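Please treat every number below as a calculation from the coordinates, not as lab data. Since the model is a prediction, treat every value here as computed from it, not as a measurement. Glycine also receives a Cβ, built like all others from the backbone with ideal geometry; neighbour counts cover every protein chain displayed.
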Ligand SMILES: Nc1nc2c(ncn2[C@@H]2O[C@H](COP(=O)(O)OP(=O)(O)OP(=O)(O)O)[C@@H](O)[C@H]2O)c(=O)[nH]1
Ligand SMILES: [Zn+2]
């Protein structure tokens with residue numbers, strides 16, 4: 001059953017607003033003028049204003065109060081992140097307004113009714129039906145106080161930051177020209193995915209622009225400095241020249257697997273698509289043959305949106321079995337790098353190209369040269385330990401993600417190792433960012449910053 005939200009008819013007497021206070025508010029997004037208003041029903045609202053009057057329709061966010069999202073950072077909804085993103089977008093343009101509308105809590109049903117609606121949603125009811133089951137309107141918000149505040153600010157035309165067409169229609173009906181509407185594109189989270197899906201399916205919400213991940217795939221980094229995807233992957237999406245990213249997942253004591261290969265490291269069920277996202281943002285993913293032998297991973301991008309990159313297997317002695325999935329799955333080209341004199345089967349999928357290098361020439365520098373000649377500039381060296389260590393030791397990694405799994409193996413297949421025989425013992429340091437991937441901890445080294 002599809003229920004369309006019923007907009008409560010505004011009472012015949014429009015709500016008027018009176019400006020009662022003016023001050024400034026320094027924030028992490030810069031200094032805003034802060035204007036306080038009281039509407040004719042006694043509810044108090046504020047407007048955060050940046051920039052001057054001139055220069056076309058400003059960015060405007062008409063933000064519905066949400067104590068849980070705005071103040072407590074709740075992930076049940078996306079309000080807090082939208083508010084942050086709106087302030088950030090306005091600070092980038094150095095111009096715009098956030099009208100913070102009180103009394104809009106719970107889409108106008110009030111805070112405690114919203115909490116009751118949450119309790120119903122905990123039992124499986126969706127956000128629309130929860131309001132209805134409580135005998136309350138799906139959306140009881142009115143926007144005449146927001147329109148009044150904009151008029152008081154001398155603003156008659158706006159670029160609205162919202163994914164809600166009903167908000168645009170309501171403002172238009174109140175005489176505010178919405179020359180453009182776009183969503184703020186904040187990333188979906190596991191906790192709010194159902195809520196956002198329901199808003200799209202049953203409340204006509206649309207993102208009004210590409211979401212963050214789609215933008216990153218297109219090489220565009222949205223102005224959302226607080227967004228997890230932007231923070232984690234913005235640099236890679238924006239990289240214009242060659243970039244090499246290493247990845248290693250190992251036990252706390254530095255092994256990728258026990259000697260027997262069985263059992264392997266526990267798979268992390270929620271790595272938030274980290275490895276898949278790295279794959280999707282590069283031109284080529286490279287692995288050593290031992291990793292393919294151990295895991296038979298076809299190296300696809302199939303859990304997040306994006307294209308599978310060119311797959312590159314370093315296999316000097318030709319150990320790769322012809323039925324391994326990286327050779328048989330033709331989702332993307334595979335480069336099988338072997339030494340000159342190695343025998344390979346004559347019948348291989350059309351997606352597979354055997355590239356022969358002189359014996360001894362399969363070192364990281366030559367391999368990267370070969371990839372760059374093919375315009376494969378962004379490279380993910382995904383595993384295993386020896387392969388990634390080779391690129392690390394050769395000083396060829398711009399970034400390294402070292403994910404540690406909270407287990408101890410004692411002895412096994414080594415993860416990252418420096419070869420003491422070829423290089424003086426080094427302590428590699430670089431700025432590190434750390435993030436938690438389920439039970440794993442990922443440390444990201446940035447070797448582009450010299451220390
Ligand atoms: N009744 C109810 N209200 C909710 C729920 N989740 C969030 N809200 C309220 O919904 C309001 C925000 O509305 P949304 O539909 O999320 O977004 P919007 O303002 O219509 O659209 P955007 O401009 O794109 O943010 C806030 O006041 C929240 O308190 C919920 O499950 N039930
Ligand atoms: Zn909210």
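Nearest 0.05, what FRET efficiency do residue 446 and residue 67 give at R0 = 30 Å with Cβ-Cβ as r?
0.20
Tell me the label-point distance for the pair residue 218, residue 317, using the 7 Å Cα-to-Cβ offset, in nm and rounded to one decimal.
4.9 nm
Determine the distance separating the Cα centre of region 196-236 from the Cα centre of region 53-69; give it in Å without decimals.
19 Å
Tell me the angle of helix 364-373 to the major Cα principal axis of the chain, expressed in degrees between 0 and 90 and rounded to the nearest ten.
Helix 364-373 and the main axis of the chain meet at about 60 degrees.
Can you work out the PRE-style zone for residue 343? Point 7 Å along Cα to Cβ, and I want the residues of region 292-324 with backbone N under 20 Å.
Correct set: 315-324.
Can you compute log10 of I(q)/I(0) for the chain with the Debye formula, treating each Cα as one identical point scatterer, at q = 0.08 Å⁻¹?
The calculated log intensity ratios at q = 0.08 Å⁻¹ are -0.61.
Could you calculate the FRET efficiency of residue 180 with residue 24 from 1/(1 + (r/R0)^6), where r is the beta carbon distance between them and R0 is 22 Å, rounded to 0.05?
0.20
Multiplying the sequence separation of residue 189 and residue 92 by 0.36 nm and subtracting their Cα-Cα distance, what value in nm do you get? Write down the numbers at each step before the final one.
Values: separation 97, 0.36 × 97 = 34.92 nm, distance 2.49 nm.
Here the answer is 32.4 nm.
Angle between the Cα long axis of helix 228-238 and the longest principal axis of the chain, 0 to 90 degrees, nearest 10?
Long axis of 228-238 versus the principal axis of the chain: about 60 degrees.
So between residue 40 and residue 350, what do we pick up on full extension, going 0.36 nm a residue minus the alpha carbon distance?
104.3 nm
Using only the Cα atoms of region 239-446, build the gyration tensor, take square roots of its eigenvalues as a ≥ b ≥ c, and label the shape rounded, prolate or oblate: rounded if a/c is under 1.5, else prolate if a/b is larger than b/c, else oblate.
Verdict is rounded for region 239-446.
State, to one decimal in nm, how far the label point of residue 102 lies from the label point of residue 240, with both points 7 Å from Cα in the Cβ direction.
Taking the two extended label points, one gets 4.8 nm.
Please order 328, 317, 403 by the number of other Cβ within 10 Å, starting at the fewest.
So the ranking, lowest neighbour count to highest, is 317, 328, 403.
Just for the chain, what percent of DSSP beta bridges are antiparallel, to the closest 5?
Values: 35 of 78 bridges.
About 45 percent, rounded to the nearest 5.
Neighbouring Cβ atoms within 10 Å as the yardstick, rank 245, 449 fewest first.
Ascending Cβ contact count within 10 Å gives the list 449, 245.
Rounded to whole Å, give me the distance from the Cα center of region 394-415 to that of region 149-166.
51 Å
What relative contact order, as a whole-number percentage, does the chain give when Cα pairs under 8 Å and 6 or more residues apart are counted?
Relative contact order of the chain: 13 percent.
Fully extended, how many nm does the chain gain between residue 359 and residue 375 (0.36 nm per residue separation, minus their Cα-Cα distance)? All intermediate terms of the calculation are to be shown ahead of the outcome.
Working: separation 16, 0.36 × 16 = 5.76 nm, distance 2.37 nm.
Value of the extension gain: 3.4 nm.
Helix 111-122 versus the longest principal axis of the chain: what is the Cα-based angle in degrees, 0 to 90, to the nearest 10?
40 degrees
What order do you get for 37-43, 292-298, 156-162 when each peptide is scored by the mean count of other beta carbon atoms within 10 Å, highest first?
Listed from highest to lowest mean packing, they are 156-162, 292-298, 37-43.
Given contacts defined as C-alpha pairs under 8 Å and at least six residues apart, what's the relative contact order of region 17-207, whole-number percent?
20 percent
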